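Participant: Pasting a structure here, questions to come.
The values are calculated or read from the model by the stated rules, or taken from the named source; none is laboratory data. Here the structure is a predicted model, which means the values were calculated and not measured. In this analysis, Cβ positions are derived from the backbone assuming ideal geometry, glycine residues included, and neighbour counts consider all displayed protein chains. Calculation scope for accessible area: heavy atoms of the full protein, side chains included, ligands and nucleic acids excluded. Shrake-Rupley method; radii C 1.70, N 1.55, O 1.52, S 1.80 Å.
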Amino acid sequence: MTPKERILATLNRQPTDRTPVDLWYTPEIGSALRKHLKVSDDLSMYRALGLDKIVWVFMDYKAESGERAGGQSGAGAESGGDRTMWGVPLKGIQTGESYYAEFGEAPLTGYDTIESLADYPYWPAVEKFDYEGAVAKAQEAAQEFAVIGPWVSFYEIYCQMRGLEQAMMDLIIDPEYVDAVLDRIENIQTEMMKQFFARAGKSLDLVFISDDIAGQTSLIMSPEMWQRHLQPRLKRWCDLIHSYGLKVFYHTDGAARPLLKPIIECGIDVLNPIQHACPGMDMAELKREFGHRVIFHGGVDNQQVLPFGTPEQVRAETRDCIKTLGAGGQGYICCSCHNVQAGTPLENILAMIETVKG
């Protein structure tokens with residue numbers, strides 16, 4: 001099977017010749033892998049590794065000056081420019097071998113009333129998303145690989161704009177304000193998706209909804225808060241995405257177990273990253289309860305095993321993920337549990353890939 005055939009068959013619960021293997025990584029790891037493999041671009045790297053890569057096609061934004069604004073996922077590996085498309089300033093951070101673009105001062109500070117939101121100068125204009133650039137990337141990758149895009153989010157963007165601490169306080173002291181901001185965040189991205197889907201045609205397979213609702217040990221908001229602010233919005237997006245014949249890929253890190261059932265009931269098709277080191281995220285239990293309803297993506301620990309383990313420990317971790325999340329020979333796409341970080345030994349990354357490929 002080709003990488004694209006293997007991913008699509010897994011998404012549709014059809015037989016495959018083996019478990020698919022994907023890889024998430026930081027720019028430093030991408031550079032190291034390309035150098036190791038003696039290739040110059042990412043698609044060539046995916047071919048050389050034998051990855052069943054789900055290729056990310058995120059949306060750039062054209063700022064007022066005509067320069068590229070921050071990449072769609074805000075701060076982090078995919079960022080560019082001085083601020084995100086939502087107006088969040090970025091600052092470069094060098095730590096060890098890694099370089100990150102982190103958030104500066106929250107730009108929605110001072111816009112503390114629903115009425116003042118109309119004066120915020122950085123609401124993205126739907127016509128300034130780089131649809132043509134994203135479509136070109138999707139069309140190139142879709143010849144061989146499954147394609148995912150765009151990146152959309154609700155509360156992650158809210159936290160970027162208000163600052164994490166204030167965003168948490170807003171949920172308690174001013175839920176009406178939270179709804180008003182989320183309405184704008186939702187409506188802008190909904191219109192962007194409609195325009196992108198109409199242009200992308202058959203080059204797109206999945207849509208990436210990223211909305212972390214948990215930390216390392218617990219949820220970051222109460223179930224009641226999630227049900228009020230996020231559940232109906234997620235359901236609307238799932239329905240929209242499915243109306244275009246696309247799959248919903250949903251990402252939340254952490255100990256998300258108390259909300260997984262209602263999240264899945266909203267209509268998501270793929271759940272990522274299955275951070276099984278967190279409380280409540282036992283892989284075998286998740287497979288038993290939800291394996292008939294959702295495809296699992298991720299699983300291979302990149303907090304301890306991938307960066308600090310031996311190749312044999314990585315192989316054992318990978319085999320365990322396949323045995324549990326992929327029980328029954330279906331419903332699992334093996335991948336690093338989020339981005340493989342700079343400094344992770346290449347032999348460990350290769351051990352994960354080679355173990356899946358057999």
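Participant: Within region 123-154, how many residues turn out to be within 16 Å of the chain's Cα centre (by Cα), open to solvent by 10 Å² or more (accessible area, probe 1.4 Å) and under 10 Å from residue 192 (Cα atoms)?
Facilitator: Result for region 123-154: 0.
Participant: While we're on this one: Quick check on this structure: which one of 118, 136, 167 is aliphatic (A, V, I, L, M), within 30 Å of residue 4 (Cα to Cα) and at pLDDT 95 or above?
Facilitator: Sole residue among the options that is aliphatic (A, V, I, L, M), within 30 Å of residue 4 (Cα to Cα) and at pLDDT 95 or above: 136.
Participant: Still on this structure, please answer the following. Looking at 218, 203, 222, which is the one that is surrounded by fewer than 21 Cβ atoms within 10 Å (Cβ to Cβ), under 30 Å from residue 8 (Cβ atoms) and of a type in the set (Ser, Thr, Tyr)?
Facilitator: Selected residue: 203, the only one of 218, 203, 222 that is surrounded by fewer than 21 Cβ atoms within 10 Å (Cβ to Cβ), under 30 Å from residue 8 (Cβ atoms) and of a type in the set (Ser, Thr, Tyr).
Rundown of residues vs (1) touching a residue at least 60 places away in the same chain (Cβ under 8 Å); (2) open to solvent by 20 Å² or more (accessible area, probe 1.4 Å), yes/no style:
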{"site": "311", "(1), (2)": "no, yes"}
{"site": "330", "(1), (2)": "yes, yes"}
{"site": "333", "(1), (2)": "yes, no"}
{"site": "340", "(1), (2)": "yes, no"}
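Participant: Oh, and also: Could we say that residue 248 is under 20 Å from the mean Cα position of the chain (by Cα) and either modelled with pLDDT under 95 or open to solvent by less than 10 Å² (accessible area, probe 1.4 Å) (or both) here?
Facilitator: Spelling it out, residue 248 is indeed under 20 Å from the mean Cα position of the chain (by Cα) and either modelled with pLDDT under 95 or open to solvent by less than 10 Å² (accessible area, probe 1.4 Å) (or both).
Participant: Here is a list: 146, 106, 141, 134. Which entry is of a type outside the set (S, T, N, Q), in contact with a Gly (Cβ under 6 Å, 6 or more places away or on another chain) and in contact (Cβ under 8 Å) with a residue 12 or more places away in the chain?
Facilitator: 106
Participant: What about residue 353, is it open to solvent by less than 10 Å² (accessible area, probe 1.4 Å) and β-branched (Val, Ile, Thr)?
Facilitator: The answer is yes for residue 353.
Participant: Taking the stated definitions as given, is residue 269 open to solvent by 30 Å² or more (accessible area, probe 1.4 Å), acidic (Asp, Glu) and under 21 Å from residue 13 (Cβ atoms)?
Facilitator: yes
Participant: Considering only residues that are of a type in the set (Gly, Ala, Ser) and either farther than 16 Å from residue 58 by Cα or at pLDDT 95 or above (or both), which ones fall in region 178-209?
Facilitator: 180, 198, 200, 203
Participant: Could you check region 160-199 and list, in sequence order, the residues that are touching a strand residue (DSSP E or B) at 6+ places or on another chain (Cβ under 8 Å) and among the aliphatic types (A, V, I, L, M)?
Facilitator: Once the filter is applied, which keeps residues that are touching a strand residue (DSSP E or B) at 6+ places or on another chain (Cβ under 8 Å) and among the aliphatic types (A, V, I, L, M), region 160-199 yields 192, 193.
Participant: When residues of region 16-51 are filtered for being assigned to a loop (DSSP other than H, G, I, E, B), within 18 Å of residue 357 (Cβ to Cβ), touching a residue at least 40 places away in the same chain (Cβ under 8 Å) and not small (Gly, Ala, Ser), how many remain?
Facilitator: 8
Yes/no per residue for (1) out of contact with any Gly (no Cβ under 7 Å at 6 or more places or on another chain); (2) part of a loop (DSSP other than H, G, I, E, B); (3) under 30 Å from residue 240 (Cα atoms):
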| residue | (1), (2), (3) |
| --- | --- |
| 267 | yes, yes, yes |
| 279 | yes, yes, no |
| 293 | yes, yes, yes |
| 312 | yes, no, no |
| 322 | yes, no, no |
| 343 | no, yes, no |
| 350 | yes, no, no |
